[in-house]
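Everything on this sheet refers to the single structure shown next.
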Amino acid sequence: MALSSHATGVAKVAIGSTEIAKISVGSALIWSAVTYGGVGVGATGTSVPAPFNLTVPNGGDVFIVATTDRSAATVTGASFGGSAATEIASVAHNADALRGTTKVYRLAGGGDGTSKAVAITGGGAGVWAVNAFYWTGVTSVGTPITATGFNTAPSQSLSGRGMHIHGRGNGGGGVGTIGSFSGVTNRVAIADSAVAVGQALSTVDAAGTFAATLSISSRWAGVFIPID
């Protein structure tokens, strides 16, 4: 079998009956059973957003991301198809809870190939942005690494392969738009109609630095999740 860098369309590689998790040449990853699968349509609102559906293959790991613009807008939990996900990260924008937080939840092996509802619980007053993504073949999820700031050029060191999450909130003020990503592949960026809260989800192929450009100086938080 011939495999090119980041080969696609290969379900598994085995030696006899033993399945191989990944193939590398030196530090270059040639193929891995651990694969980014997709992302949801997302939802925003001035109250807790209504659930939206996402289809995740059997055994896929589901990650739900909730971003708020102020401390009065709370997120108390997240679920996929009614099954509660576990919070794995929570970081305040610019390390100031008054400017809202970005939280990440994981439901390991939550996919079964059918469309299920992505939902969060919470309440209060403010603006919310919610989305979800999934990976398949996951063998381990490392400790999330966070960063915060207040500027037009968010950046964060990335230790390897995984997912980068960027969230913005400003206590009711504007947060601008995001673009010019580097060091990652942006999969989706959402914001409410008033651009009071923003969120971007991006895949990471290798160690490096996440960088992007904001249209106005904004308070932000970054979360890098190592996935293997």
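Bear in mind that the values in this text are calculations on the coordinates, not laboratory data. From a predicted model like this one, the values you see are computed outputs, not experimental measurements. No Cβ is skipped: glycine too gets one built from the backbone with ideal geometry, and neighbour counts run over all protein chains shown.
Here the stretch 118-141 is scanned for amide nitrogen atoms under 15 Å from the site 7 Å beyond the Cα of A72 along Cα-to-Cβ, giving 123-128. Listed by Cβ neighbour count within 10 Å, with the fewest neighbours leading, W220, W135 appear as W135, W220. Basic side chains Lys and Arg get +1 at the Cβ, acidic Asp and Glu get -1 at the Cβ, and with that the dipole of the chain about its Cα centre reaches some 140 debye.
Between the amide H of R219 and those of G169, distances stay under 5 Å, these residues lying 5 or more places away or on another chain, with hydrogens modeled in the peptide plane.
Each residue of the stretch 208-223 was assigned a 3J(HN,Hα) from its phi angle through the Karplus expression (A = 6.51, B = -1.76, C = 1.60, θ = phi - 60°), giving x, 9, 6, 8, 7, 10, 9, 6, 9, 5, 9, 8, 9, 9, x, 10 Hz with x at Gly and Pro. For the stretch 35-226, the pair-distance distribution built from all alpha carbon pairs, in bins 10 Å wide starting at 0, is 11, 41, 37, 11, 0 percent. The length gained by stretching the chain between T139 and S47 to full extension, at 0.36 nm per residue less their Cα-Cα distance, is 29.5 nm.
Relative contact order for the stretch 115-228: 41 percent, from Cα pairs under 8 Å spaced at least 6 residues apart, divided by residue count. Indicate the gyration tensor shape class of the stretch 96-194 (rounded, prolate or oblate), computed on the Cα atoms with a ≥ b ≥ c the square roots of the eigenvalues: a/c under 1.5 is rounded; otherwise a/b larger than b/c is prolate and the rest oblate. It is oblate, given that a/c is not under 1.5 and a/b is not larger than b/c. For V56, the shell of other residues with beta-carbons less than 11 Å away shows a net charge of -1, using +1 for Lys and Arg and -1 for Asp and Glu.
Once Rg and the Kirkwood radius are both taken over the C-alpha atoms of the stretch 155-206, their ratio Rg/Rh works out to 1.02. Sequence-ordered 3J(HN,Hα) estimates for the stretch 153-159 from the Karplus curve with 6.51, -1.76 and 1.60 and θ = phi - 60° stand at 9, x, 8, 7, 6, 10, 8 Hz, glycine and proline given as x. In this structure, the amide hydrogen of G38, modeled 1.01 Å from its nitrogen in the peptide plane, lies closer than 5 angstrom to those of Y134, counting only residues at least 5 positions away or on a different chain.
For the chain, averaging the sequence separation of C-alpha pairs within contact (under 8 Å, six or more residues apart) and dividing by the residue count gives a relative contact order of 23 percent. Taking only the Cα atoms of the stretch 136-175, the ratio Rg/Rh comes out at 1.06, with Rh defined as the Kirkwood radius.
The stretch 27-138 gives an Rg/Rh value of 1.02, both radii derived from C-alpha positions and Rh following Kirkwood. The amide H of A78, built 1.01 Å from its N in the peptide plane, has A85, T121 as neighbours under 5 Å, considering only residues 5 or more places off or on other chains. Each of G126, S202, G171 was placed along the dipole of the chain (beta-carbon charges, centred on the mean Cα), and the one lying farthest toward the positive end is G171.
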